[in-house]
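The numbers here are math on the coordinates, done by the rules we state, and not lab data. Every value quoted in this text rests on a predicted model; they were computed, and no experiment measured them. Methodologically, a virtual Cβ is constructed for each residue, glycine included, from the backbone with ideal geometry; neighbour enumeration extends over all protein chains shown.
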Amino acid sequence: MSAPSDNMTMAAAPRSRPLLLRHLPYFIAAAILVALAATMRFDGYILNVLMQATTFAIAVFGLSVVLGLCGQINLAQAAFFGFGAYAVGIGTTDLHLSYWLCLVAGCVMALGAGAFLGMSTLRLGGHYLAMVTISFQQIVTLVMINAIGLTHGPDGVSNIGRPDLFQTGQGYLAFCVAVLAIVGYGVWHLPDTRLGRAMRAVRDNELAAGVSGIDVFRTKVYAFALCAALGGLAGGLFAGGFAYVSPDQFSFAESIVFLTMSLLGGVASPIGSAIGTGLLILIPEWLRFLKSIPGLYLAIYGLFVILIIRYMPDGIWGFIGAALDRWRSRIKAPAAVAPLLLKPATIGGDIVLEVKGLSKYFGGLKAVDGVDIQVKRGGVHALIGPNGSGKTTTLNVLSGLYKATSGKVLLDGTDITTMPPHQRTAAGLGRTFQNIRLFRSMTALENVEIGAERPGNTLIGQGGPAALTERAMEALTFVGLGSRANELISSFSYGHQRLIEIARALAANPTLLLLDEPAAGLNSTEKLELHELLKRIAAQGLTILIIDHDMTLVSEAAQHITVLNFGRRIADGESMAVLRHPDVVSAYLGSE
């Protein structure tokens, strides 16, 4: 990679500072809270309320991961909460094991159950996933009630032990607050990690995440397992805090409570989760004086929740965070002067893409029927044809979004015919979409960073966050948007969003770039700029396969053209010769 400019060095510097120094205020605030929890004297009732709020908040943090970051519904968090609670309860009372061992065992059990449930159901998605998690929750509750020999049944487990260091209620609360601070810190900074960025990409657009090199299914499973593990940790702490657990504490109703807490405060952030948890636990306490009036307490309580959700659909912290994002978007990122470096792999000789007898049938419809294509290295190859000719279907098969009915696809000498999208991306395939697919909750820079993290991108290597940011900035600057790197996607015009999508693909340093109608929706000026951009990309030796209906763009940019009609190849060769071919003219203009 080219040496970073002074501006880029300044931009990356804050990320390179030690975590402890950058987040010292957080650790100081956490230490103060732990000290207050350990030294302030509370009566038993207040102590129980604080214990409940602290342990519930950790469980709700799990929903921040799976629902807020990854966009997957989980209506069984109370079940995972119960795994941790019963592990500590049964382990310390019946088996007389160490509290610490039981707490770890509860987390592992919850993690394993969450991973298993995720692997078996996450391919469903949507309301099907919600139904499965509800069923799992109900099954776990029934087992807790009826497996009397193991769980003590409806009577529950009492006299649960605590660690020797935290036998007093005050000391145990301080311990729980410390765990809350540590977990909250981890969840807060998870979005800035590679896994966190992958989760956010999956939440915003699964197709785009897959073609950016992210294993979508594995990312979902990780999110689900992490959510379950945090639920198990919270349950174990809850059991030690109250010294008693019973099945009614881990019912489906409690899962709904956890979900409401998350939505109320703001599901995308642990701060929102903590706010929502505190409100749903404290509001009933604030309204205790109304309990003497039948129905009024519940009416006011429900009204609070409805008003917040109605006027703050992203939760309380989501409302605050949106205002902060608008303020941050005004801060201009320094423009990178380092040129974008492309070093496409050269393993397979002169032919970078070879398609042999490729077919894709949808029942009796032959969308692609025995197509052969050879794309030479270092040039621009156009795939054209009238509407319905099979162009986009061909691109979807090449990028792994559709499974080929028959045929073979070789990328740089590697057979990628049966690979899923993220593995094809790792092999060197980059792609944009006809309908722009960006991660709309992220900034332009974050979008391009997702692309730069492609597995196998040798231009990033082990450079860490600074190298990742530098690479993304170079790609954005290459397409002319480096000065707007920190702006949210919603602030960009349609044409600029198209450029960001191209920058995301370029940051991955692909061997072959697939462009699906990049000129669609652009005005004449933007099309000229796109043409110049394609020239600059091709000048660096990157091979491009482009689909577009703009014949002026195709004829000027492409050296080689393949024409499809009704799923079959009707012409292939040098651009001007193909455009004059009688079959091509007939396909576009018709014949007498």
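So here's what we get for this one:
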item	result
Quotient of Cα Rg and 2.2 N^0.38 Å for segment 474-518, N being how many residues it contains	1.14
Nearest-ten-degree value, helix 252-265 long axis tilted from longest Cα axis of the chain	70
For segment 351-589, with +1 on Lys and Arg beta carbons and -1 on Asp and Glu, the positive-most of 587, 528, 495 along the dipole	587
Over segment 132-229, volume per residue of the alpha carbon convex hull, in Å³	151
4 °C / 1.567 mPa s Stokes-Einstein diffusion coefficient of segment 394-481, Kirkwood radius on C-alpha pairs, µm²/s	89
Phi-based couplings in Hz for segment 494-499 (Karplus 6.51, -1.76, 1.60; Gly and Pro marked x)	4, x, 5, 5, 4, 5
Peptides ranked, highest mean first, by Cβ atoms within 10 Å: ranges 215-223, 474-482	474-482, 215-223
Pairwise Cα inverse-distance average, inverted: Kirkwood Rh of segment 147-190 (Å)	13.0
Amide H partners (placed H, <5 Å) of residue 72, local residues excluded	67
Cα pair distances exceeding 14 angstrom across segment 115-168, given as percent	68
Using θ = phi - 60° and Karplus 6.51 cos²θ - 1.76 cosθ + 1.60, couplings along segment 430-445 (whole Hz; Gly, Pro as x)	x, 8, 10, 10, 4, 8, 3, 10, 10, 8, 6, 8, 10, 7, 4, 4
Assigned charges on the beta-carbon of Lys, Arg, Asp, Glu; segment 452-555 dipole about Cα centre (debye)	220
Whether segment 25-154 is rounded, prolate or oblate, judged on the alpha carbon gyration tensor where a/c under 1.5 counts as rounded	oblate
Dipole magnitude (debye, nearest 20) for the chain, charges at Cβ of Lys, Arg, Asp, Glu	320
On Cα atoms only, tilt of 77-93 relative to the major axis of the chain in degrees	40
C-alpha long axis of helix 194-204 to longest principal axis of the chain, angle in °	80
Computed [θ] at 222 nm, helices only, for the chain once each DSSP H run of length n ≥ 4 contributes -39500 (n - 2.57)	-17500 deg cm²/dmol
Semi-axis lengths (Å, descending) of the ellipsoid that matches the C-alpha gyration tensor of segment 424-546	21, 17, 13
FRET efficiency estimate (nearest 0.05) - Cβ-Cβ, residue 310 to residue 365, R0 41 angstrom	0.35
Quarter of Cα convex hull surface for segment 25-253, i.e. mean projection, nm²	12.7
Count of lysine pairs in the chain with Cα separation under 18 Å (8 or more residues apart, or interchain)	18
Whole-number Å³ per residue for the convex hull built on Cα positions in segment 351-589	119
DSSP bridge pairs, the chain: antiparallel proportion in percent, nearest 5	60
Debye, to nearest 20: dipole size of segment 25-253, +1 on Lys, Arg Cβ, -1 on Asp, Glu Cβ	500
Compactness of the chain, expressed as Rg and Dmax over alpha-carbon positions, Å	28.2, 95
Prolate/oblate/rounded label for segment 21-61 (Cα gyration tensor, a/c 1.5)	oblate
Whole-Hz ³J(HN,Hα) from phi, Karplus 6.51 cos²θ - 1.76 cosθ + 1.60, for segment 226-232, glycine and proline x	5, 4, 5, 4, 5, x, x
At R0 = 51 Å, FRET efficiency that the Cβ-Cβ distance of residue 374 and residue 116 yields, to 0.05	0.65
